[in-house]
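To start, the structure under review is shown below, and the notes come after it.
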Amino acid sequence: MKVIKKKTLQEEIANNLRDMIMKGALEEGDKIKENELCNLMGISKTPLREALRVLSVEGLIRLVPNRGAYVSTPTFEEIKEMFDVMSVLEGVCAYAAAEKMSDSDFLSLEKLHKKLESCFERSNQKEYIRHNNAYHSFLQDLAGNHTLNLIINGLRQKILLYRFQSLNLPERFDQSIQEHRDLLEAFRKRNPEKAEDLMRFHLKMQCKALEKLAK
């Protein structure tokens, strides 16, 4: 694990911990060993604890007074609720983005899509999720709804881990890239209704993949 750079300390620590949870290095119920993590990342306890508070808001960490911090993942029903809400919100973003999208905006979106295609060809799930996050954030910014941005930003970090996990279902990676191809065509044609429907479908399919993995 690399030593953390000071300028983005709290965020980088939180990202490292999310990555450890994503890869299974930290599992449900595990107690966070502060001394060990501080040594691994070359940090002090203060920024680590700040990062743990961030992750507790996301539901990935449970803070127990006088006992410490523990990995705590939501139940499937809680995850499903998050995806249900996110599908509606991202659908609204897709609709607004399709209405406002200029030719220049579409070219930027197309470049982001090409990065997804490259990750898919290399079977690089982690990079796929990173570029996927940038893709969805771009549409969110293009939609230009400040209130919607605040709500989605809070949920996006919460479901990021589960978006990654959904790709572990053998056919899900293939489905995901095809859904993005369909979305790109809807944006190419500037079809708001189609873009909204496809975005909601995209999120619901991610959730269905998680449900299959949970069985």
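Since every read-out is calculated from the coordinates, none of them should be taken as a lab result. Predicted model only: the values in this text are computed from it and were never measured. Don't worry about glycine lacking a Cβ; one is built from the backbone with ideal geometry, like all the others, and counts go over all protein chains shown.
A few notes on this one:
- The amide H of I61, built 1.01 Å from its N in the peptide plane, has S56, S72 as neighbours under 5 Å, considering only residues 5 or more places off or on other chains.
- Under Karplus coefficients 6.51, -1.76 and 1.60, residue-wise ³J(HN,Hα) of region 169-183 in Hz, glycine/proline x: 6, x, 8, 5, 4, 4, 5, 4, 5, 5, 4, 5, 5, 5, 4
- Rounded tilt (10° steps) of 146-166 against the dominant C-alpha axis of the chain: 70 degrees
- Cα gyration tensor, region 83-208 - rounded (a/c under 1.5), prolate or oblate: oblate
- Between 0 and 90°, nearest 10: helix 103-121 axis offset from the chain longest Cα axis: 60 degrees
- Charge context of S87, other residues only, Cβ under 9 angstrom, K/R +1, D/E -1: 0
- Among E196, E11, E36, the largest mean-square fluctuation in a Gaussian network model of the chain, built with springs joining Cα atoms closer than 10 Å, belongs to E36.
- Summarising the overall dimensions of the chain from its C-alpha atoms, the Rg and Dmax are 18.2, 57 angstrom.
- Label-point separation in nm, D105 to E185, each point 7 Å along Cα→Cβ: 2.2 nm
- Whole-Hz couplings from phi, Karplus 6.51/-1.76/1.60, listed for region 65-73; x for Gly and Pro: x, 6, 10, x, 10, 10, 5, 9, 9
- Between V71, I177, L116, the Cα set farthest toward the positive side of the dipole of the chain (charges on each charged residue's Cβ, about the Cα centre) is that of V71.
- Sparse-neighbourhood loop sites, GluC sites (Glu not before Pro) in region 116-188 - DSSP loop, at most 15 other Cβ within 10 angstrom: E171
- Helix-only [θ]222 nm of the chain, DSSP H runs n ≥ 4, -39500 (n - 2.57) each, per residue, nearest 500: -25000 deg cm²/dmol
- Cα-projected label distance for N124 with D141, points at 7 Å along beta-carbon direction, nm: 2.1 nm
- Integer Hz, Karplus 6.51/-1.76/1.60 couplings in order for region 51-60, x for Gly and Pro: 5, 5, 5, 4, 5, 5, 5, 6, x, 8
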